[in-house]
Amino acid sequence: MPQYISRLPAPEDAAPFPRRLVLLGATGSIGTSALKVVAAHPERFEVLALAGGRNAALLAEQAKEFRPACLAVLDAATARQLKERLPDGYEPEILVGPEAYVALAALPEADLVLSAIVGAAGLAPTYAAVKAGKTVALANKESLVLAGHLIREACAETGAVILPVDSEHNALFQALSGENPRHVRRLILTASGGPFRGKDREYLKTVSLAQALNHPNWSMGAKITIDSSTLMNKGLEVIEACHLYGVAVSDVATVVHPQSIIHSLVEFADGSLLAHLGPPDMMIAIAYCLAYPERVALPLAPLDLAAIGRLTFEEPDLAAFPCLRLAREAYGAGRSHPTVLNAANEVAVELFLKERIPFLRIPEIIEDALAAHDGCAADSLEDILALDADSRRRARAAAGATAAGN
Ligand SMILES: NC(=O)c1ccc[n+]([C@@H]2O[C@H](COP(=O)([O-])OP(=O)(O)OC[C@H]3O[C@@H](n4cnc5c(N)ncnc54)[C@H](OP(=O)(O)O)[C@@H]3O)[C@@H](O)[C@H]2O)c1
C-alpha cells in the first residue's frame, strides 16, 4: 500500500496544549460536536475562530461561551444579526464571505483547523489550510473527492498534516497506526445501510423526505443524512479512502453493518482483520484528531457489547442504491469525474431536500451528468472550482426539466 496522504507528526512534534483551534462549520453537526469536546477539556484547547454559514443565533451562542477573537459568516445580513446578538463589551472581528473561511483556514496563530463546512464549499478553505502547512482535522470529505491529488501534492510541499474525522477513515487511521503499509491487503469501510436498508426500488419510488432524514444510528447534517440514505456517502468515502491512504479503488471494500459499532476494518496479508469499535458518536473521531496523538476522556457511556448482542454484516444492494457504484466508476474514469459526480449529487440532494424531485431521481441526475462528461483538466484548484460550478449549472438545468415547481 502506498503512502498516507500527509506526513504524521512524531509525538514530540505535536503542538503543545493548549492547542489553538480554528473551527470551520462550527454551527453544523460536526462543529457542535467539536465544541462539546472543547468544553470537556478547556485546559487543552483555545478557540481562536469560529466560522458558521447563516445560523447567526447559534454562532452567537457559541461565541458567547468560547469567546474567540474572530468569527466568520457567509453574508452581510448574517453578520449584522450576529453582531446584534453578541453581549456588550465583547467585540470579535467578524469576517464575511467565502474569502473569510480561506483567511481563517490559514490564520498564522492556529495550531489546528477543523474543516467541517458541508459540500464543495469546504474545498477552498481546506486547500488554504494545507497550503499554509496546518494540521487539518478533515471532516469535509468533499475536499478529497474533488481535489485529493492536489491536497496530497500540497501536503508534500508544505508539510501539512491531515487527520481524518470521518468515522470510517478515522477507524482505518487508528487500525493502521504502527502497522507496515506493505502488509495491508484491503481497507473495508462499513456502512449502516441507512433508513432504507433492505428496501427495493419499488419501495424507494415513493419514500418521503422525512423517511430519508430518519437515520437509524447517526445524528448528522441534512446533506450527509440524505447521502447516507442513497449510499452516496459510502461512495464518497471510497474515493476519500483512495486519496487518504493512496490505494486503488479495487482495494477499498464496503460492507453493510447495520449496528454501526464497527466503524471500519483493515485486512492484512496474513488474513488478520483489525477493526475499530465504538459508540456511534462523532465526538470520538473528532477528539482523536484534536488531541492527536493523545486520547482524552469524553462524556459518553461505554459501549455495552453484551447489550448489543449481535454484530451483523451484509453486501450493499447496488441495484437499489446505484450511487455507490457511480462513485466507484467516477473515481476510475478520471480526475475530473468525481467533481462532476459530487456537483450533480449536491444539486440533486438540494432538490430532494426541497421536495422538488423524488428519491430515485437522485441517482438518475448523477448518472446523466457523468454520462455527459468527457473528462477535462483538473490540475489546479481553479480548474476544479470552474468544473464544479459548470457541473452544477448543467445538473440544475437537466434536473429542472423534471423537478416539480422548479
Ligand atoms: N455529521 C457527521 O456526523 C459527519 C460525519 C462524517 C463526515 N461529515 C462531513 O462533515 C462535513 C459537515 O457535515 P455536517 O453534518 O456537520 O453538516 P451540517 O450539520 O449541515 O453543517 C454544515 C456547516 O457548514 C456551514 N455551511 C453550509 N454551507 C456553507 C457555505 N456555503 N459556506 C460556509 N459554510 C457553510 C453551516 O453553517 P450554517 O448552518 O450556519 O448555515 C454549518 O456550520 C460534511 O462534509 C460531511 O460530509 C459529517
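The loop-placed GluC sites (Glu not before Pro) in region 277-343, going by DSSP, that have at most 13 neighbouring Cβ atoms within 10 Å of their Cβ come out as E294.
Comparing region 329-372 with the 2.2 N^0.38 Å rule of thumb, its C-alpha radius of gyration ratio is 1.15 (two decimals). Summing +1 for each Lys or Arg and -1 for each Asp or Glu among the other residues whose beta-carbon sits under 14 angstrom from that of N170 gives -3.
In terms of its alpha-carbon gyration tensor, region 99-244 comes out oblate; a/c meets the 1.5 threshold, while b/c is at least as large as a/b.
For the chain: lysine pairs with Cα atoms under 16 Å, gap of 8 or more or different chains, count?
On the way: K36/K64; K64/K83; K141/K223; K141/K234; K223/K234; K223/K354.
Step by step, the pairs that qualify in the chain add up to 6.
How charged is the neighbourhood of L86? Take every other residue with its Cβ under 13 Å from the Cβ of L86, and add Lys/Arg as +1 and Asp/Glu as -1.
Numbers: positive: K64, R67, R80, K83, R85; negative: E61, E65, E84, D88, E91, E93.
Its environment carries a net charge of -1.
Where a ≥ b ≥ c are the square roots of the eigenvalues of the C-alpha gyration tensor, would you call region 277-338 rounded, which needs a/c under 1.5, or, failing that, prolate if a/b is larger than b/c, or oblate? Verdict is oblate for region 277-338. Dividing the convex hull volume of the alpha-carbon atoms in the chain by its residue count gives 141 Å³ per residue.
Ranked by the mean number of other Cβ atoms within 10 Å per residue, highest first, peptides 262-273, 83-94, 174-185 order as 262-273, 174-185, 83-94. Near E367, within a Cβ-to-Cβ distance under 10 Å, what is the net charge of the other residues, with Lys and Arg +1 and Asp and Glu -1? Net charge around E367: -2.
Rounded to the nearest 20, the Cβ-based charge dipole of region 11-165 about its Cα centre (Lys and Arg +1, Asp and Glu -1) stands at 320 debye.
The Cα trace of region 11-165 gives Rg and Dmax of 14.7, 46 Å, the first to one decimal, the second as a whole number.
Read the figures in this text as sums done on the coordinates, not as results from a lab. Everything numeric here is computed off the predicted structure, so don't read it as measured data. Methodologically, a virtual Cβ is constructed for each residue, glycine included, from the backbone with ideal geometry; neighbour enumeration extends over all protein chains shown.
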